[in-house]
């Protein structure tokens, strides 16, 4: 089963440092490893600068998400930002699938989900950033996915820790919006979250 076919995935926020590259584990709700998120495309100088300074948010970020068999399923690229950020999302073949764009700087943070033709097809609504509650809705406002740290309705097995968060996707969600929902979950703690320092 491809990573994108799972309706519930658990992402660990605690990076494993492998040769100055951050890696984040992705598991299913039974604790099986089903993928990995990897920070990519950084020179040694950039990696060192990231560890010793706060310049990180002004650097271009690249994250790749991979299936358990090593196949790339999506890539996120966050260009250097000034105020509001845009994250470009590419599918496993490297084709642009869409963008995730911060819509506001103050108040409850929202991100628009746009397809490759720049049509808005959904939105991430940060209900409470500190409590890790994000609702992802389609263009009609209907919830299609949720990113959360609450485990209601799940047997909270022993493997889950405070560093884990859950993506819960509607089984009927397909196509570009499904890919962007997974990209949102991959980027929420790295490419997106750094934009709300001091806010929320």
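Among the listed residues 69, 33, which satisfies the condition of being within 15 Å of residue 16 (Cα to Cα), at pLDDT 90 or above and surrounded by fewer than 19 Cβ atoms within 10 Å (Cβ to Cβ)? Give the derivation first.
Values: 69 fails: within 15 Å of residue 16 (Cα to Cα).
Going through 69, 33 in turn, the sole match is 33.
For segment 185-194, the condition of being at pLDDT below 65 and in contact with a helix residue (DSSP H, G or I) (Cβ under 7 Å, 6 or more places away or on another chain) holds for at least one residue.
Test residue 96 against the criterion of being in contact (Cβ under 8 Å) with a residue 24 or more places away in the chain and closer than 18 Å to residue 186 by Cα, and give yes or no.
Values: in contact (Cβ under 8 Å) with a residue 24 or more places away in the chain: no; closer than 18 Å to residue 186 by Cα: yes.
No.
When the residues of segment 104-123 are filtered to those that are modelled with pLDDT under 95 and in contact with a helix residue (DSSP H, G or I) (Cβ under 8 Å, 6 or more places away or on another chain), the one that is farthest from residue 87 (Cα to Cα) is 109.
Determine whether segment 141-150 contains at least one residue that is farther than 22 Å from residue 25 by Cα, in a strand (DSSP E or B), at pLDDT 80 or above and within 13 Å of the chain's Cα centre (by Cα). No: segment 141-150 contains no residue that is farther than 22 Å from residue 25 by Cα, in a strand (DSSP E or B), at pLDDT 80 or above and within 13 Å of the chain's Cα centre (by Cα). Within segment 4-16, is even one residue in contact with a strand residue (DSSP E or B) (Cβ under 9 Å, 6 or more places away or on another chain), surrounded by fewer than 16 Cβ atoms within 10 Å (Cβ to Cβ) and at pLDDT below 90? Yes - at least one qualifying residue is present in segment 4-16. Tell me, please, whether a residue that is surrounded by 14 or more Cβ atoms within 10 Å (Cβ to Cβ), at positive phi and in a strand (DSSP E or B) can be found in segment 98-118. Checking segment 98-118: at least one residue is surrounded by 14 or more Cβ atoms within 10 Å (Cβ to Cβ), at positive phi and in a strand (DSSP E or B).
Among all residue pairs at least 6 apart or on different chains, which show Cβ distances below 9 Å where the first residue, located in segment 166-184, is free of Cβ contacts under 8 Å to residues at least 40 places away in the same chain and on the phi < 0 side of the Ramachandran plot and the second is surrounded by 23 or more Cβ atoms within 10 Å (Cβ to Cβ) and not in a loop (DSSP other than H, G, I, E, B)? The qualifying pairs are 173/145; 173/181.
The values are calculated or read from the model by the stated rules, or taken from the named source; none is laboratory data. Just so it is clear, the model here is predicted, and its values are computed rather than measured. Positions of Cβ are backbone-derived with ideal geometry, glycine not excepted, and every protein chain shown enters the neighbour counts.
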